[in-house]
Every structure is written in C-alpha cells, then in structure tokens.
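Worksheet: one structure, shown below.
The values are calculated or read from the model by the stated rules, or taken from the named source; none is laboratory data. All figures in this text were calculated on a predicted structure; none of them were measured in a lab. Keep in mind that these areas ignore ligands, DNA and RNA; they rest on the heavy atoms of the full protein, side chains included. Shrake-Rupley method; radii C 1.70, N 1.55, O 1.52, S 1.80 Å.
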Amino acid sequence: MPSLRNKEFQELLLFAKDHGNAKLPFVLYRKPKSDRVSGLFQKTPDVFQSSDLLESGFIMAPFAVGGRRILLHADEQVKVDFEAHRTSLFTRDIVDSGKESHLELIQKGVERIRQGDLSKVVLSRSFGVQSKTTPFTIFERVLASYPNAFCYLWYHPEVGVWVGATPETLVKHQGRKLTTISLAGTSSGMENTPQWGNKEREEQQMVTDYIVERLTPFAEHLEVSSPSSIRAGTLWHLKSRIAAHLKSDARLKDIISQLHPTPAVCGVPKENARDFILDNEGYDREFYTGFLGELNLEAKDTSHFYVNLRCMKLEGTTATLYVGGGITADSQAALEWEETQNKSRTMLGML
C-alpha cells in the first residue's frame, strides 16, 4: 500500500479531516513533479462563485458552460513537504455495465460526424462502484501513484467530494504569458513509447489546430511544439505545448470562454460537439471534464488551471468514475469501448 512518510503531511490530513467534519470546505492538492502538498481551507460553509475570474482562491468549474464555478476562499493555507513510497497500482475488476448503450452512443457519434457538421466528438460514460476506502486514503494513493499529475482532494459540504489525478493543463497564466497543451490520443502500456497510428496523430493535430485558432485573436505571438509522447500512469498520450504572448487587452475570462471545454474533452467544432454531448450522453458530467486550480492565489494575474480528467465523485460508500474518448469518422466502436476500459483502470486502482 502506498504510504507517505511525512509527519507534517499526516498532520495536514488530520486538520483537513477535522475541517470536513465541521462541514467546512477545503482542497488538498499537489502540482505535477512537485514534492509539496498544499491545503486551502475556507472558514465558512458559504458557496462562493466566480464569474469574471478576477477573484482569488481555488476554482472548481463544471463541464457545462454557465454552470456554477465554485470558488473556495483561501482563509487559511498550509504547504508541507512529503515523501512517497512508489508501489504498483492496485488491481480491481473492470466494470462492464453500460457497454451496449455506450457502443450505440459511439456509433451515433460516428454517423453524425459523417454527416459533415462535426470533425470530432468526445463521448463519455459514468459508472458507480462500491468502496469503503476513505477519501484521504484515496488521495494518498493518488499522490504516490501519479507524480506527474495534478492530484487533488476537494470538498464542499453543499457540493460533494471529488478526487483526481489529471495530466492536462488548461492554461497557465502569468501577466501577458499564457501556456496550454494539446493532449489527445491514448495508448496503454507501462514502459515502451507507443507507435502512434494515423487516427491518434490526426486527432491530436485537430486539437492543436483548434486551440491555436481560438488563441490567435488574443495573442501577439504563438509558439507550438512538435507532438511528443507523455505517460500518465498506465496510459500514453500525444502532447504539444502552446505558448502565447498575450495582447495588452486580453482578458483571462474571454480566453477561457474560447478554450473551455477543449477539443480534448468536447470536440470540434466546440459548440456542435457540446450540443451533441448534452443531447445524447444521457447523464450530467458535473465537474468531470471541467477545470480546477489556483485563481490569482499567489499573485494577481497569476493562475493555473487543469482539465478535470481521471477523477471520481465520492458519496458515502459509492465512487462514481468517469471515462471517455475522442470519436472521429474512422472510429471503431469496439476499440473505443476498450479504450474507456483501459482508462478506467487509472482510478479503479485507487479504490
């Protein structure tokens, strides 16, 4: 079992437990490749929201445009070092429920794409599993298993408990500098870098082109790196880095409205894909494929948001997990189903 050998970290967990028992909001998180865990604690149970992204705190935003963007106030902040034992992931049986309906959804997506008003749509599903593992234990396991991901445990008494380990940055913003990534394509395998096929490369290029198109009106200059392979747990993805020097009048609120939800979690064109998802997926994604992170927390005009992937919602002994994949005209339903099954191992292994 992964364990963290740090007294201050264990004290932070105990403080967070007491805060949660008092029904007060908090978030614990660690940035990728960091050895620091941050705790942010709000001293009232109020539900604050952010509409213009000018406030300060930790934001948790849903997939749906216009949904509540919950802002936790940083009434108290704690940062501690930690040390983790790296161990193999836990094994748990993959859940096969919902297969037929998801295969039908994928086929419907392929047919819609072939009609010509969609190039890509990201289709997902959710499923529940029973687990007596506490949120804090899950968070410890996530930290130990995914050092290259943004790992978090988020709680609000009026909203719920979420845990995740996401590999994807939405934006990193500092003054007139902004960076984001284009992440798409999935392949399983622990060690060897995969040999990417045309489907995965075309999908990732589609995401890159779309992000560049959306950022161009706000930028004086853009730089795009060549695609490279990045591993997240047992999965590999294709990734490009996109850096922008923003115009003096560019506003973060307007940039986020153009980028979120990204093609990696929604589709291309965004509006058509989003409508197809809302009309056909048959469930509420809530914060899955939304975004979260620091909003003007360390300094003004300095924020770092992550796309909320590889996550779960915890309610009592039920953990709701979310998985999905990008669908194009060449997608094969059986292979896309298998991709979601492979992705489910990431968070199932934490239970």
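Only protein heavy atoms count here; under a 1.4 Å probe, Trp236 has an accessible surface of about 30 Å². The residues Lys343, Lys120, Lys108, sorted by heavy-atom accessible surface at 1.4 Å with ligands and nucleic acids left out, run Lys108, Lys343, Lys120 from largest to smallest. In summary, the aspartates and glutamates within cross-link reach of Lys132, defined as a Cα separation below 14 angstrom excluding same-chain residues under 8 places away, comprise Glu315. Residues in the chain average 44 Å² of solvent-accessible surface per residue, probe 1.4 Å, ligands and nucleic acids excluded. Relative to one another, the C-alpha centroids of the range 231-300 and the range 118-160 are positioned 17 Å apart. Need the list of aspartates and glutamates near Lys108 for cross-linking: C-alpha distance under 15 angstrom, and skip anything on the same chain fewer than eight residues off. In chain and number order, the partners are Glu100, Asp117, Asp275, Asp279, Glu281, Asp330, Glu336.
The count of lysine pairs in the range 201-351 whose Cα atoms are under 29 Å apart, excluding pairs fewer than 8 places apart on the same chain, comes to 14.
Taking every Cα-Cα distance in the chain and sorting them into 20 Å bins starting at zero, the pair-distance distribution P(r) comes out as 31, 61, 8 percent.
Computed over the chain, the per-residue total of -39500 (n - 2.57) for DSSP H runs of n ≥ 4 gives a 222 nm mean residue ellipticity of -9000 deg cm²/dmol, rounded to 500.
Per q in 0.12, 0.17 1/Å, what log10 I(q)/I(0) does a Debye calculation on the alpha-carbon atoms of the range 41-138 return? Log10 I(q)/I(0), no solvent term: -0.84, -1.08. Carbon-plus-sulfur accessible fraction, the range 256-351 (probe radius 1.4 Å, protein heavy atoms only): 44%.
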